[in-house]
Amino acid sequence: MKKLILALAFMCALPAMAAEKNPSKGGQPGTNVPMDFIIAPLATSAGKLIGYAYVSSRLTVLSESLAVPVRDKLPFIQDAFVRDVNAKGVATAADPQAVDVPALEARLLADAVKIMGPGKVKMITVCTVNISELHPAKTPSPAAPDAERDTDAHNNPLKSRCEAEKPG
């Protein structure tokens, strides 16, 4: 009987353990705080503005009880995010239209920790990145729903990295 109870407890813990290991899953229910879009300028290595990256993100706190204090400080966190992406570029060195997602997440996490203090914010996840060029060669046609891609031509996430996988 003990073996059966232990096996059942282990099977119940597997989804929670998988969510902790996979950053796209986020934290436990109630610990994810969606952030407003950040508009980050994109520039060439010479400093010429070529477009903007519209970045959606999600902040994950360590426990459900910390979600409300974080929500209370969202204007300050958002302000720090906007200042950060305008002070330093978000693109990779190789491609001015490819957002360096891991580096951006690390920078935004540091900003959130400065505002909230240590031991409250677990992680920041960049959900999607949409690039808007200043002078596009042509207006792109909207993609058919069945033709949705996970990333764009510059490997920026188009499909949300914040949505949980749907059972299929």
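The values are calculated or read from the model by the stated rules, or taken from the named source; none is laboratory data. Just so it is clear, the structure is predicted and the values come from calculations on it, not from any experiment. Positions of Cβ are generated from backbone atoms using ideal geometry, with glycine treated the same way; all protein chains shown enter the neighbour counts.
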Check your understanding: Hey, among Asn22, Asn32, Asn86, which residue is modelled with pLDDT of 90 or more and surrounded by fewer than 17 Cβ atoms within 10 Å (Cβ to Cβ)?
Key -> Asn86
Review point. What is the one condition in (1) within 21 Å of Cys162 (Cβ to Cβ); (2) touching an Asp or Glu at 6+ places or on another chain (Cβ under 7 Å) that Ala91 does not satisfy?
Key: (1)
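What about Asp152, is it at pLDDT 90 or above, within 21 Å of Gly51 (Cα to Cα), among the acidic types (Asp, Glu) and surrounded by 11 or more Cβ atoms within 10 Å (Cβ to Cβ)?
Taking the combined requirement at face value, the residue does not satisfy it.
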**Study point:** Residues that are farther than 23 Å from Val33 by Cβ and in contact with a Pro (Cβ under 8 Å, 6 or more places away or on another chain), drawn from the range 52-104
**Key:** Tyr52, Gly89
Review point. Which numbered condition trips up Lys138, out of (1) under 16 Å from Pro34 (Cα atoms); (2) over 14 Å from the mean Cα position of the chain (by Cα); (3) modelled with pLDDT under 90?
Key: (1)
Review point. Is there a residue in the range 113-127 that is within 30 Å of Asp79 (Cα to Cα) and at pLDDT below 90?
Key: no
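Can you name every residue in the range 112-132 that is in a loop (DSSP other than H, G, I, E, B) and surrounded by 14 or more Cβ atoms within 10 Å (Cβ to Cβ)?
Lys120
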Exercise for review: Identify all residues within the range 87-122 that are in contact with a helix residue (DSSP H, G or I) (Cβ under 6 Å, 6 or more places away or on another chain) and within 27 Å of Arg149 (Cα to Cα); write none if there are none.
Suggested key: Val90, Arg107, Leu108
